[in-house]
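Please read the structure below before turning to the comments.
The values are calculated or read from the model by the stated rules, or taken from the named source; none is laboratory data. This structure is a prediction, so every number in the text was calculated from the model and none was measured. Glycine also receives a Cβ, built like all others from the backbone with ideal geometry; neighbour counts cover every protein chain displayed. Keep in mind that these areas ignore ligands, DNA and RNA; they rest on the heavy atoms of the full protein, side chains included. Shrake-Rupley method; radii C 1.70, N 1.55, O 1.52, S 1.80 Å.
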Amino acid sequence: MEIEIQLTPDPIAETISPPPSLGAHGAWLEFRGVVRGEENGGNISALEYEAYPEMATGEIRRILESLGTKFPCLAAKVIHRVGVIPVGDTAIYVGVASPHRGEAIALLAGFMDRLKQDVPIWKRRALPPVAANANLRTSGPGASADSHRRPQNILSVNEALAEIQSCCRPLPAIRAPLAEAFGRVLRETVCAPSDLPDRDRSTRDGYAIRQNDASESFRVVDTLHAADWKPCQLKSGETVRVATGAALPCENLRVVIQEHVERDGDRIRITKHESALNLRQRGEDVKAGQPLVPAGAHLNAGRLALLASAGCTQPLVSPRLRVVHFTTGDEIVSPEHTPRPGQVRDSNSILIHSLLRRFACETEQAHLPEDFDLAKEQIGNQQSAIGNSDVLLVSGGASVGDRDFTRPLLEWLGFEIVFSQVNVRPGRPLIFGIAGGASVPASRLVGSLAPPDKVRVAFGLPGNPLSHFVCFHLFVAATLAKLTGAEPVKFRRGRLGAKLDDAPCPRETLWPARREPTGLHPLAWASSGDVTCLTEANALIRIPADRGSIEAGGEVEFLSTD
Ligand code: AMP
Ligand code: MG
(Lines give C-alpha, C1' and ligand atoms only; values in the text may rest on other atoms or scores of the structure.)
(Ligands and ions follow the chains in the order given, each with its own letter.)
Protein backbone atom coordinates (compact mmCIF):
# COMPACT_ATOMS: atom_id res chain seq x y z
CA MET A 1 0.00 0.00 0.00
CA GLU A 2 1.30 3.46 -0.90
CA ILE A 3 1.28 5.64 2.20
CA GLU A 4 1.66 9.41 2.28
CA ILE A 5 1.64 11.34 5.54
CA GLN A 6 1.91 15.09 6.10
CA LEU A 7 1.83 17.14 9.28
CA THR A 8 1.46 20.73 8.27
CA PRO A 9 0.66 24.14 9.75
CA ASP A 10 -0.84 25.16 6.37
CA PRO A 11 -4.49 24.89 5.34
CA ILE A 12 -5.41 21.58 3.72
CA ALA A 13 -6.44 21.89 0.04
CA GLU A 14 -10.17 21.86 -0.73
CA THR A 15 -9.79 19.07 -3.27
CA ILE A 16 -7.29 16.27 -3.23
CA SER A 17 -7.00 13.88 -6.16
CA PRO A 18 -6.85 10.11 -5.77
CA PRO A 19 -3.46 8.53 -6.45
CA PRO A 20 -2.83 7.41 -10.06
CA SER A 21 -2.42 3.81 -8.83
CA LEU A 22 -6.20 3.66 -8.33
CA GLY A 23 -6.79 3.59 -12.08
CA ALA A 24 -10.30 3.84 -13.51
CA HIS A 25 -11.99 1.41 -11.08
CA GLY A 26 -12.19 1.12 -7.34
CA ALA A 27 -13.07 3.39 -4.43
CA TRP A 28 -11.51 6.66 -3.28
CA LEU A 29 -12.90 7.30 0.16
CA GLU A 30 -12.23 10.65 1.81
CA PHE A 31 -12.73 11.83 5.36
CA ARG A 32 -12.37 15.40 6.59
CA GLY A 33 -12.47 16.37 10.25
CA VAL A 34 -13.49 20.02 10.35
CA VAL A 35 -13.09 22.30 13.39
CA ARG A 36 -16.53 23.10 14.76
CA GLY A 37 -17.49 26.35 16.44
CA GLU A 38 -18.23 24.76 19.78
CA GLU A 39 -16.12 22.92 22.36
CA ASN A 40 -17.39 21.54 25.65
CA GLY A 41 -20.53 23.64 25.42
CA GLY A 42 -18.75 26.97 24.73
CA ASN A 43 -18.18 28.93 21.53
CA ILE A 44 -14.69 28.90 20.13
CA SER A 45 -12.94 30.40 17.16
CA ALA A 46 -10.11 27.92 16.70
CA LEU A 47 -8.41 24.84 18.06
CA GLU A 48 -4.72 24.50 18.59
CA TYR A 49 -3.20 21.11 17.80
CA GLU A 50 0.24 19.98 18.79
CA ALA A 51 2.19 16.99 17.63
CA TYR A 52 5.35 15.10 18.19
CA PRO A 53 6.01 15.06 14.43
CA GLU A 54 8.46 12.21 13.92
CA MET A 55 6.73 9.96 16.35
CA ALA A 56 3.31 10.86 15.01
CA THR A 57 4.22 10.08 11.40
CA GLY A 58 5.92 6.83 12.46
CA GLU A 59 2.89 5.77 14.45
CA ILE A 60 0.42 6.70 11.68
CA ARG A 61 2.46 4.65 9.21
CA ARG A 62 2.59 1.69 11.60
CA ILE A 63 -1.16 1.77 12.14
CA LEU A 64 -1.90 2.01 8.42
CA GLU A 65 0.49 -0.82 7.63
CA SER A 66 -0.99 -3.08 10.26
CA LEU A 67 -4.57 -2.30 9.18
CA GLY A 68 -3.51 -2.80 5.56
CA THR A 69 -2.67 -6.45 6.25
CA LYS A 70 -6.29 -6.99 7.33
CA PHE A 71 -8.00 -4.69 4.85
CA PRO A 72 -5.84 -4.62 1.69
CA CYS A 73 -5.98 -1.18 0.10
CA LEU A 74 -3.98 0.47 -2.68
CA ALA A 75 -3.08 3.76 -1.07
CA ALA A 76 -3.70 5.93 1.96
CA LYS A 77 -3.04 9.62 2.39
CA VAL A 78 -3.18 11.33 5.79
CA ILE A 79 -2.80 15.07 6.30
CA HIS A 80 -3.00 16.41 9.85
CA ARG A 81 -2.87 20.09 10.42
CA VAL A 82 -1.01 21.38 13.50
CA GLY A 83 -0.90 24.79 15.16
CA VAL A 84 -3.93 27.07 15.33
CA ILE A 85 -6.76 25.89 13.07
CA PRO A 86 -9.73 28.27 12.67
CA VAL A 87 -13.31 27.06 12.86
CA GLY A 88 -14.45 25.68 9.51
CA ASP A 89 -10.98 24.55 8.44
CA THR A 90 -10.05 20.90 8.01
CA ALA A 91 -7.91 19.60 10.86
CA ILE A 92 -7.50 16.07 9.55
CA TYR A 93 -7.85 14.64 6.08
CA VAL A 94 -7.69 10.92 5.26
CA GLY A 95 -8.05 9.48 1.77
CA VAL A 96 -8.07 5.74 1.13
CA ALA A 97 -7.95 4.05 -2.27
CA SER A 98 -8.93 0.42 -2.68
CA PRO A 99 -10.35 -1.90 -5.33
CA HIS A 100 -13.47 -2.41 -3.19
CA ARG A 101 -15.39 0.03 -1.04
CA GLY A 102 -15.62 -2.38 1.96
CA GLU A 103 -11.87 -2.48 2.63
CA ALA A 104 -11.52 1.28 2.32
CA ILE A 105 -14.35 1.85 4.82
CA ALA A 106 -12.97 -0.71 7.27
CA LEU A 107 -9.43 0.68 7.04
CA LEU A 108 -10.63 4.24 7.50
CA ALA A 109 -12.81 3.33 10.50
CA GLY A 110 -9.99 1.36 12.11
CA PHE A 111 -7.54 4.16 11.49
CA MET A 112 -9.74 6.88 12.99
CA ASP A 113 -10.18 4.76 16.15
CA ARG A 114 -6.46 4.27 16.56
CA LEU A 115 -5.51 7.83 15.61
CA LYS A 116 -7.13 9.27 18.70
CA GLN A 117 -5.79 6.66 21.04
CA ASP A 118 -2.30 5.99 19.77
CA VAL A 119 -0.89 8.90 17.81
CA PRO A 120 0.92 11.71 19.64
CA ILE A 121 -1.11 14.54 18.18
CA TRP A 122 -3.28 16.31 20.68
CA LYS A 123 -5.65 19.18 21.05
CA ARG A 124 -3.71 21.74 23.06
CA ARG A 125 -6.54 24.19 23.70
CA ALA A 126 -9.62 25.81 22.30
CA LEU A 127 -9.32 29.53 21.60
CA PRO A 128 -12.21 31.72 22.75
CA PRO A 129 -13.75 33.98 20.08
CA VAL A 130 -12.07 37.33 20.88
CA ALA A 131 -8.63 36.25 22.03
CA ALA A 132 -8.44 33.82 19.17
CA ASN A 133 -9.04 36.54 16.60
CA ALA A 134 -6.17 38.51 18.07
CA ASN A 135 -3.98 35.43 17.92
CA LEU A 136 -4.96 34.58 14.41
CA ARG A 137 -4.62 38.06 13.06
CA THR A 138 -0.89 38.35 13.30
CA SER A 139 2.24 36.67 14.37
CA GLY A 140 4.02 40.01 14.70
CA PRO A 141 4.00 42.54 17.55
CA GLY A 142 0.85 42.38 19.60
CA ALA A 143 0.29 38.67 19.10
CA SER A 144 -0.43 36.81 22.33
CA ALA A 145 2.65 35.37 23.98
CA ASP A 146 0.59 32.26 24.47
CA SER A 147 0.46 31.58 20.76
CA HIS A 148 4.25 31.30 20.72
CA ARG A 149 4.47 28.96 23.63
CA ARG A 150 6.72 25.97 23.09
CA PRO A 151 4.60 22.87 22.48
CA GLN A 152 4.02 20.94 25.64
CA ASN A 153 6.33 17.94 25.56
CA ILE A 154 5.28 14.39 25.69
CA LEU A 155 7.13 12.88 28.65
CA SER A 156 9.03 9.64 28.82
CA VAL A 157 7.99 7.15 31.50
CA ASN A 158 10.99 8.11 33.63
CA GLU A 159 10.26 11.82 33.27
CA ALA A 160 6.62 11.28 34.23
CA LEU A 161 7.66 9.24 37.28
CA ALA A 162 10.14 11.95 38.27
CA GLU A 163 7.39 14.59 38.03
CA ILE A 164 5.17 12.49 40.29
CA GLN A 165 8.00 12.12 42.80
CA SER A 166 8.66 15.84 42.86
CA CYS A 167 5.00 16.88 43.09
CA CYS A 168 3.78 14.52 45.82
CA ARG A 169 4.86 14.24 49.41
CA PRO A 170 3.81 11.85 52.18
CA LEU A 171 0.61 12.73 54.01
CA PRO A 172 1.01 13.27 57.77
CA ALA A 173 1.20 9.97 59.68
CA ILE A 174 -1.30 8.96 62.36
CA ARG A 175 -1.51 6.26 65.04
CA ALA A 176 -4.03 3.53 64.33
CA PRO A 177 -5.03 0.32 66.17
CA LEU A 178 -3.66 -2.89 64.65
CA ALA A 179 -7.10 -3.98 63.50
CA GLU A 180 -7.31 -0.90 61.31
CA ALA A 181 -3.73 -0.91 60.08
CA PHE A 182 -3.90 -3.62 57.41
CA GLY A 183 -2.69 -2.32 54.03
CA ARG A 184 -1.30 0.90 55.47
CA VAL A 185 2.34 1.90 55.40
CA LEU A 186 4.36 1.87 58.61
CA ARG A 187 5.89 5.31 59.11
CA GLU A 188 8.46 4.56 61.82
CA THR A 189 10.70 1.55 62.27
CA VAL A 190 9.41 -0.61 65.11
CA CYS A 191 12.13 -2.31 67.19
CA ALA A 192 11.76 -5.26 69.55
CA PRO A 193 11.15 -4.02 73.11
CA SER A 194 12.52 -7.33 74.49
CA ASP A 195 13.93 -10.60 73.23
CA LEU A 196 11.55 -12.70 71.17
CA PRO A 197 10.82 -15.26 72.50
CA ASP A 198 11.20 -13.66 75.91
CA ARG A 199 12.66 -16.86 77.47
CA ASP A 200 13.43 -20.45 76.54
CA ARG A 201 10.17 -22.23 75.81
CA SER A 202 9.46 -25.88 75.14
CA THR A 203 8.34 -26.83 71.64
CA ARG A 204 7.09 -30.29 72.74
CA ASP A 205 5.19 -32.02 75.53
CA GLY A 206 7.88 -33.79 77.56
CA TYR A 207 10.40 -33.48 80.37
CA ALA A 208 12.97 -30.71 80.85
CA ILE A 209 16.41 -31.74 82.11
CA ARG A 210 19.82 -30.06 82.28
CA GLN A 211 21.51 -30.13 78.86
CA ASN A 212 24.55 -32.14 80.04
CA ASP A 213 22.79 -34.38 82.57
CA ALA A 214 23.81 -38.04 81.97
CA SER A 215 21.73 -39.48 84.83
CA GLU A 216 20.06 -42.91 84.36
CA SER A 217 16.75 -41.81 85.83
CA PHE A 218 15.16 -38.52 86.96
CA ARG A 219 12.82 -37.37 89.70
CA VAL A 220 9.86 -35.27 88.49
CA VAL A 221 9.95 -32.22 90.79
CA ASP A 222 7.22 -30.07 89.16
CA THR A 223 4.74 -29.72 86.30
CA LEU A 224 4.67 -26.59 84.06
CA HIS A 225 1.76 -25.65 81.81
CA ALA A 226 1.99 -23.13 78.96
CA ALA A 227 0.95 -20.22 81.19
CA ASP A 228 3.19 -21.09 84.18
CA TRP A 229 6.29 -19.19 85.18
CA LYS A 230 8.13 -20.94 88.05
CA PRO A 231 11.84 -20.14 87.97
CA CYS A 232 14.08 -22.67 89.77
CA GLN A 233 17.56 -24.18 89.27
CA LEU A 234 17.21 -27.84 88.24
CA LYS A 235 19.79 -30.17 89.77
CA SER A 236 21.33 -33.19 88.14
CA GLY A 237 18.82 -36.09 88.26
CA GLU A 238 15.85 -33.71 88.46
CA THR A 239 13.25 -33.01 85.75
CA VAL A 240 10.07 -30.97 85.29
CA ARG A 241 7.11 -32.10 83.27
CA VAL A 242 6.51 -29.40 80.58
CA ALA A 243 3.70 -28.66 78.11
CA THR A 244 4.30 -27.27 74.59
CA GLY A 245 4.94 -23.54 74.90
CA ALA A 246 5.79 -23.66 78.62
CA ALA A 247 8.58 -21.32 79.78
CA LEU A 248 11.48 -23.38 81.12
CA PRO A 249 12.41 -22.71 84.78
CA CYS A 250 16.10 -21.87 84.08
CA GLU A 251 18.70 -21.63 81.32
CA ASN A 252 20.67 -24.45 79.64
CA LEU A 253 17.88 -27.03 79.68
CA ARG A 254 16.60 -29.35 76.98
CA VAL A 255 13.33 -31.19 76.59
CA VAL A 256 13.04 -34.95 76.17
CA ILE A 257 9.78 -35.67 74.36
CA GLN A 258 7.30 -37.77 76.30
CA GLU A 259 7.36 -40.54 73.63
CA HIS A 260 11.07 -41.17 74.57
CA VAL A 261 10.39 -41.58 78.27
CA GLU A 262 9.02 -44.30 80.59
CA ARG A 263 7.34 -42.91 83.70
CA ASP A 264 6.78 -44.69 86.95
CA GLY A 265 5.19 -42.54 89.68
CA ASP A 266 7.44 -39.50 90.18
CA ARG A 267 10.38 -41.06 88.28
CA ILE A 268 11.23 -41.22 84.56
CA ARG A 269 13.78 -43.10 82.53
CA ILE A 270 14.88 -42.01 79.05
CA THR A 271 14.34 -44.82 76.53
CA LYS A 272 15.69 -43.05 73.43
CA HIS A 273 18.38 -40.38 73.26
CA GLU A 274 18.35 -37.61 70.63
CA SER A 275 20.37 -34.46 70.12
CA ALA A 276 17.45 -32.03 69.54
CA LEU A 277 16.92 -29.50 72.34
CA ASN A 278 13.18 -29.17 71.54
CA LEU A 279 12.93 -25.59 72.60
CA ARG A 280 12.67 -22.07 71.21
CA GLN A 281 15.61 -20.23 72.69
CA ARG A 282 15.29 -16.79 74.21
CA GLY A 283 15.94 -14.10 71.57
CA GLU A 284 16.31 -16.62 68.74
CA ASP A 285 13.74 -14.72 66.59
CA VAL A 286 15.02 -11.27 67.40
CA LYS A 287 17.03 -9.65 70.16
CA ALA A 288 15.80 -6.66 72.18
CA GLY A 289 16.39 -3.40 70.26
CA GLN A 290 16.69 -4.99 66.83
CA PRO A 291 14.35 -3.68 64.06
CA LEU A 292 11.20 -5.72 63.63
CA VAL A 293 9.44 -3.91 60.77
CA PRO A 294 11.12 -1.04 58.88
CA ALA A 295 9.49 2.31 58.12
CA GLY A 296 7.99 2.26 54.63
CA ALA A 297 6.79 -1.36 54.85
CA HIS A 298 3.23 -2.24 53.85
CA LEU A 299 1.48 -3.79 56.83
CA ASN A 300 0.37 -7.26 55.76
CA ALA A 301 -1.00 -10.01 57.99
CA GLY A 302 2.45 -11.31 58.98
CA ARG A 303 3.88 -7.91 59.87
CA LEU A 304 0.81 -7.07 61.91
CA ALA A 305 1.21 -10.38 63.76
CA LEU A 306 4.83 -9.48 64.55
CA LEU A 307 3.84 -6.01 65.78
CA ALA A 308 1.21 -7.66 67.99
CA SER A 309 3.82 -10.03 69.49
CA ALA A 310 6.01 -7.05 70.27
CA GLY A 311 3.13 -5.21 71.96
CA CYS A 312 3.08 -2.42 69.36
CA THR A 313 -0.68 -1.94 69.32
CA GLN A 314 -0.89 1.62 67.95
CA PRO A 315 1.68 1.79 65.17
CA LEU A 316 2.41 5.09 63.41
CA VAL A 317 0.98 4.60 59.94
CA SER A 318 -0.15 6.44 56.82
CA PRO A 319 -3.70 7.76 56.93
CA ARG A 320 -6.36 5.99 54.92
CA LEU A 321 -6.26 7.56 51.46
CA ARG A 322 -9.49 9.06 50.21
CA VAL A 323 -9.95 8.31 46.55
CA VAL A 324 -12.74 9.54 44.30
CA HIS A 325 -13.07 7.71 40.99
CA PHE A 326 -15.29 8.87 38.13
CA THR A 327 -16.02 6.90 35.01
CA THR A 328 -17.02 8.84 31.89
CA GLY A 329 -18.52 7.97 28.53
CA ASP A 330 -22.19 7.77 27.56
CA GLU A 331 -21.52 4.36 26.03
CA ILE A 332 -20.65 2.89 29.43
CA VAL A 333 -23.32 0.82 31.19
CA SER A 334 -23.06 -1.00 34.49
CA PRO A 335 -22.05 -4.69 34.25
CA GLU A 336 -25.57 -5.87 35.20
CA HIS A 337 -26.98 -4.39 31.99
CA THR A 338 -27.03 -6.10 28.62
CA PRO A 339 -25.30 -3.54 26.40
CA ARG A 340 -27.23 -2.29 23.39
CA PRO A 341 -25.20 -1.93 20.18
CA GLY A 342 -22.63 0.75 20.82
CA GLN A 343 -22.68 0.33 24.58
CA VAL A 344 -19.85 -1.12 26.64
CA ARG A 345 -20.01 -2.71 30.09
CA ASP A 346 -18.07 -0.82 32.74
CA SER A 347 -15.05 -2.91 33.65
CA ASN A 348 -12.88 -0.07 34.88
CA SER A 349 -14.84 0.58 38.09
CA ILE A 350 -14.28 -2.87 39.52
CA LEU A 351 -10.72 -2.93 38.17
CA ILE A 352 -9.82 0.31 39.95
CA HIS A 353 -11.77 -0.67 43.06
CA SER A 354 -9.90 -3.96 43.29
CA LEU A 355 -6.48 -2.47 42.54
CA LEU A 356 -7.04 0.13 45.25
CA ARG A 357 -7.86 -2.53 47.82
CA ARG A 358 -4.17 -3.29 48.17
CA PHE A 359 -3.75 0.18 49.55
CA ALA A 360 -5.80 1.27 52.53
CA CYS A 361 -8.25 3.52 50.71
CA GLU A 362 -11.74 4.80 51.17
CA THR A 363 -13.02 4.78 47.62
CA GLU A 364 -16.05 6.56 46.23
CA GLN A 365 -17.09 5.83 42.68
CA ALA A 366 -19.60 7.49 40.36
CA HIS A 367 -20.31 7.91 36.67
CA LEU A 368 -20.27 11.31 34.96
CA PRO A 369 -22.43 12.27 31.99
CA GLU A 370 -20.55 12.96 28.76
CA ASP A 371 -21.49 16.59 28.75
CA PHE A 372 -19.19 19.10 30.37
CA ASP A 373 -21.95 21.22 31.90
CA LEU A 374 -23.93 18.26 33.21
CA ALA A 375 -20.73 16.74 34.57
CA LYS A 376 -19.90 19.99 36.38
CA GLU A 377 -23.42 20.13 37.78
CA GLN A 378 -23.16 16.57 39.12
CA ILE A 379 -19.74 17.26 40.58
CA GLY A 380 -21.14 20.38 42.22
CA ASN A 381 -23.24 18.06 44.36
CA GLN A 382 -20.18 16.03 45.35
CA GLN A 383 -17.86 18.97 45.88
CA SER A 384 -17.03 18.11 49.48
CA ALA A 385 -16.08 14.51 48.65
CA ILE A 386 -13.73 15.80 45.98
CA GLY A 387 -12.40 18.63 48.14
CA ASN A 388 -11.60 16.13 50.92
CA SER A 389 -10.11 13.54 48.64
CA ASP A 390 -6.40 12.87 48.34
CA VAL A 391 -6.61 11.34 44.91
CA LEU A 392 -9.07 11.91 42.09
CA LEU A 393 -9.17 9.41 39.23
CA VAL A 394 -11.15 9.99 36.06
CA SER A 395 -11.53 7.09 33.64
CA GLY A 396 -11.75 8.02 29.97
CA GLY A 397 -12.09 11.32 28.20
CA ALA A 398 -8.36 11.97 28.62
CA SER A 399 -7.69 12.18 24.91
CA VAL A 400 -8.45 14.83 22.32
CA GLY A 401 -11.90 13.84 21.02
CA ASP A 402 -14.75 16.35 20.84
CA ARG A 403 -16.26 15.06 24.04
CA ASP A 404 -13.07 14.39 25.97
CA PHE A 405 -13.41 16.88 28.80
CA THR A 406 -11.26 15.36 31.53
CA ARG A 407 -8.54 17.97 31.22
CA PRO A 408 -10.84 21.03 31.40
CA LEU A 409 -12.77 19.31 34.17
CA LEU A 410 -9.64 18.85 36.28
CA GLU A 411 -8.64 22.45 35.60
CA TRP A 412 -12.12 23.60 36.60
CA LEU A 413 -11.65 21.67 39.85
CA GLY A 414 -8.48 23.64 40.58
CA PHE A 415 -5.87 21.14 39.45
CA GLU A 416 -2.83 22.35 37.63
CA ILE A 417 -2.00 19.95 34.83
CA VAL A 418 1.59 18.77 35.18
CA PHE A 419 1.56 16.53 32.11
CA SER A 420 -1.01 15.14 29.73
CA GLN A 421 0.99 12.88 27.44
CA VAL A 422 3.37 10.06 28.25
CA ASN A 423 5.28 8.24 25.56
CA VAL A 424 4.01 4.84 26.62
CA ARG A 425 1.98 2.08 25.01
CA PRO A 426 -0.71 1.49 26.06
CA GLY A 427 -1.73 4.58 28.01
CA ARG A 428 -0.39 7.59 26.16
CA PRO A 429 -3.12 10.15 26.86
CA LEU A 430 -2.50 10.24 30.60
CA ILE A 431 -3.23 13.42 32.54
CA PHE A 432 -1.60 14.16 35.88
CA GLY A 433 -2.54 17.22 37.89
CA ILE A 434 -1.97 18.56 41.38
CA ALA A 435 -3.67 21.02 43.69
CA GLY A 436 -2.63 22.56 47.01
CA GLY A 437 0.35 21.54 49.09
CA ALA A 438 2.82 23.85 50.78
CA SER A 439 5.79 21.81 49.60
CA VAL A 440 4.70 21.63 46.00
CA PRO A 441 7.14 23.63 43.86
CA ALA A 442 6.06 27.29 43.99
CA SER A 443 5.53 27.37 40.25
CA ARG A 444 2.96 24.64 40.65
CA LEU A 445 0.97 26.12 43.51
CA VAL A 446 -2.63 26.74 42.65
CA GLY A 447 -5.69 27.84 44.57
CA SER A 448 -7.71 24.87 45.71
CA LEU A 449 -10.50 23.79 47.99
CA ALA A 450 -8.10 21.84 50.19
CA PRO A 451 -6.22 23.12 53.24
CA PRO A 452 -3.01 24.78 52.00
CA ASP A 453 -0.63 22.11 53.30
CA LYS A 454 -2.44 19.22 51.70
CA VAL A 455 -1.50 17.98 48.24
CA ARG A 456 -4.25 16.52 46.15
CA VAL A 457 -3.49 14.72 42.94
CA ALA A 458 -5.63 13.84 39.96
CA PHE A 459 -5.24 11.44 37.09
CA GLY A 460 -7.13 11.38 33.83
CA LEU A 461 -6.70 7.76 32.76
CA PRO A 462 -7.25 6.61 29.17
CA GLY A 463 -10.53 4.66 29.13
CA ASN A 464 -9.35 1.34 27.77
CA PRO A 465 -9.05 -1.29 30.51
CA LEU A 466 -5.53 -2.42 29.60
CA SER A 467 -4.38 1.21 29.56
CA HIS A 468 -5.97 1.51 32.99
CA PHE A 469 -4.09 -1.49 34.27
CA VAL A 470 -0.77 -0.20 32.93
CA CYS A 471 -1.28 3.41 34.06
CA PHE A 472 -2.38 2.26 37.50
CA HIS A 473 0.66 0.09 38.11
CA LEU A 474 3.08 2.51 36.54
CA PHE A 475 1.86 5.90 37.72
CA VAL A 476 -1.05 5.69 40.18
CA ALA A 477 0.74 3.11 42.34
CA ALA A 478 3.86 5.34 42.38
CA THR A 479 1.69 8.23 43.55
CA LEU A 480 -0.01 6.21 46.26
CA ALA A 481 3.40 4.97 47.40
CA LYS A 482 4.70 8.53 47.69
CA LEU A 483 1.58 9.83 49.47
CA THR A 484 1.66 6.98 51.97
CA GLY A 485 5.43 7.10 52.54
CA ALA A 486 5.99 3.63 51.08
CA GLU A 487 9.10 2.44 49.28
CA PRO A 488 8.96 3.68 45.66
CA VAL A 489 7.69 1.21 43.08
CA LYS A 490 10.73 -0.35 41.39
CA PHE A 491 11.34 -2.10 38.11
CA ARG A 492 13.00 -5.49 38.59
CA ARG A 493 15.17 -7.42 36.18
CA GLY A 494 14.24 -10.83 34.81
CA ARG A 495 14.58 -13.07 31.78
CA LEU A 496 12.05 -13.88 29.13
CA GLY A 497 10.75 -17.47 29.28
CA ALA A 498 9.48 -17.11 25.70
CA LYS A 499 10.08 -14.79 22.76
CA LEU A 500 8.37 -11.41 22.87
CA ASP A 501 7.18 -10.77 19.35
CA ASP A 502 6.66 -7.10 18.59
CA ALA A 503 7.32 -4.64 15.79
CA PRO A 504 9.55 -1.69 16.80
CA CYS A 505 7.33 0.96 18.34
CA PRO A 506 8.31 4.60 18.85
CA ARG A 507 6.77 4.44 22.30
CA GLU A 508 8.06 2.62 25.35
CA THR A 509 5.80 -0.40 25.89
CA LEU A 510 4.56 -2.09 29.04
CA TRP A 511 3.68 -5.59 27.89
CA PRO A 512 1.42 -7.79 30.04
CA ALA A 513 3.15 -11.01 31.06
CA ARG A 514 2.95 -14.01 33.34
CA ARG A 515 5.90 -14.42 35.68
CA GLU A 516 6.69 -18.10 36.17
CA PRO A 517 9.67 -20.09 37.50
CA THR A 518 10.81 -20.50 33.87
CA GLY A 519 10.86 -16.73 33.31
CA LEU A 520 8.53 -14.01 32.03
CA HIS A 521 6.00 -15.20 29.48
CA PRO A 522 4.56 -12.41 27.32
CA LEU A 523 0.75 -12.61 27.00
CA ALA A 524 -1.12 -11.93 23.78
CA TRP A 525 -3.11 -8.70 23.64
CA ALA A 526 -4.98 -7.43 20.64
CA SER A 527 -5.43 -3.79 21.64
CA SER A 528 -5.57 -1.59 24.71
CA GLY A 529 -9.24 -2.56 24.99
CA ASP A 530 -8.27 -6.20 25.59
CA VAL A 531 -9.35 -7.36 29.03
CA THR A 532 -8.62 -11.05 28.48
CA CYS A 533 -4.88 -10.86 29.12
CA LEU A 534 -5.53 -9.26 32.51
CA THR A 535 -6.81 -12.56 33.89
CA GLU A 536 -3.30 -14.02 33.67
CA ALA A 537 -1.07 -10.98 33.99
CA ASN A 538 1.08 -10.66 37.08
CA ALA A 539 3.83 -8.56 35.50
CA LEU A 540 4.43 -5.85 32.93
CA ILE A 541 7.54 -6.17 30.78
CA ARG A 542 9.19 -2.86 29.92
CA ILE A 543 10.25 -2.64 26.28
CA PRO A 544 12.33 0.40 25.32
CA ALA A 545 11.05 2.53 22.42
CA ASP A 546 12.02 1.24 18.95
CA ARG A 547 13.29 -2.06 20.37
CA GLY A 548 10.98 -4.59 18.66
CA SER A 549 11.12 -8.33 19.37
CA ILE A 550 13.19 -9.79 22.20
CA GLU A 551 14.31 -13.42 22.07
CA ALA A 552 13.58 -15.96 24.81
CA GLY A 553 16.25 -15.70 27.52
CA GLY A 554 16.73 -11.96 26.88
CA GLU A 555 17.08 -9.80 30.00
CA VAL A 556 14.30 -7.26 30.55
CA GLU A 557 12.97 -4.89 33.17
CA PHE A 558 9.56 -5.66 34.58
CA LEU A 559 7.05 -4.45 37.13
CA SER A 560 5.24 -6.92 39.39
CA THR A 561 1.50 -6.44 39.41
CA ASP A 562 0.52 -9.04 42.02
P1 AMP B 1 -11.85 7.19 26.12
O2 AMP B 1 -10.55 7.22 26.84
O3 AMP B 1 -12.96 7.84 26.87
O4 AMP B 1 -11.71 7.69 24.72
O5 AMP B 1 -12.25 5.66 25.99
C6 AMP B 1 -11.44 4.78 25.24
C7 AMP B 1 -12.11 3.42 25.17
O8 AMP B 1 -12.25 2.88 26.47
C9 AMP B 1 -13.51 3.46 24.57
O10 AMP B 1 -13.65 2.36 23.72
C11 AMP B 1 -14.40 3.32 25.77
O12 AMP B 1 -15.62 2.72 25.46
C13 AMP B 1 -13.57 2.45 26.70
N14 AMP B 1 -13.94 2.71 28.08
C15 AMP B 1 -14.05 3.90 28.65
N16 AMP B 1 -14.45 3.78 29.94
C17 AMP B 1 -14.62 2.46 30.16
C18 AMP B 1 -15.03 1.69 31.29
N19 AMP B 1 -15.36 2.28 32.44
N20 AMP B 1 -15.07 0.35 31.15
C21 AMP B 1 -14.74 -0.25 29.98
N22 AMP B 1 -14.33 0.42 28.88
C23 AMP B 1 -14.28 1.76 28.96
MG1 MG C 1 -14.89 8.39 26.42
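When A398, A360 are screened for being of a type outside the set (V, I, T) and touching an Asp or Glu at 6+ places or on another chain (Cβ under 7 Å), only A398 passes. Scanning region 451-491 for residues that are open to solvent by less than 10 Å² (accessible area, probe 1.4 Å), in a helix (DSSP H, G or I) and within 16 Å of ligand 2 (Cβ to nearest atom) yields a total of 4.
Pairs linking a residue in region 457-482 that is of a type in the set (S, T, N, Q) to a residue that is more than 15 Å from ligand 1 (Cβ to nearest atom), with Cβ atoms under 9 Å and 6 or more positions apart or on different chains, are T479/I164; T479/C167; T479/C168; T479/V391; T479/F432; T479/V457. Taking L474, is it farther than 28 Å from I174 by Cβ and modelled with pLDDT of 95 or more? Yes: the conditions hold for L474. Where helices (runs of 4 or more DSSP H) fall wholly inside region 52-166, the ranges with 3 or more residues that are at negative phi and at pLDDT 90 or above are 53-70, 101-118. Across region 381-399, the qualifying residues are those that are more than 16 Å from ligand 2 (Cβ to nearest atom) and among the hydrophobic types (A, V, I, L, M, F, W, C), and the one among them that is most open to solvent (accessible area, probe 1.4 Å) is A385. Here V221 clears all of (1) part of a loop (DSSP other than H, G, I, E, B); (2) open to solvent by less than 80 Å² (accessible area, probe 1.4 Å) except the condition numbered (1).
Contact map, region 7-26: first residue under 21 Å from T90 (Cβ atoms), second residue in a helix (DSSP H, G or I), Cβ cut-off under 8 Å, separation 6 or more or different chains; pairs are L7/P53; L7/A56; L7/T57. Under the condition of being surrounded by 17 or more Cβ atoms within 10 Å (Cβ to Cβ) and among the acidic types (D, E), which residue from region 78-129 is farthest from G397 (Cα to Cα)? So the residue we want is E103.
Scanning region 525-537 turns up no residue that is within 21 Å of V391 (Cβ to Cβ), in contact with a Lys or Arg (Cβ under 8 Å, 6 or more places away or on another chain), open to solvent by 20 Å² or more (accessible area, probe 1.4 Å) and of a type outside the set (F, W, Y). For region 538-557, the set of residues classified as assigned to a loop (DSSP other than H, G, I, E, B), open to solvent by less than 30 Å² (accessible area, probe 1.4 Å) and out of contact with any Ser or Thr (no Cβ under 7 Å at 6 or more places or on another chain) consists of G548, G554, listed by residue number.
Candidates in region 344-360 are the residues that are part of a loop (DSSP other than H, G, I, E, B) and within 9 Å of ligand 1 (Cβ to nearest atom); of these, the one that is nearest to the chain's Cα centre (by Cα) is S347. For region 396-421, filtered to residues that are within 14 Å of ligand 1 (Cβ to nearest atom) and of a type in the set (V, I, T), the residue that is farthest from the chain's Cα centre (by Cα) is V400.
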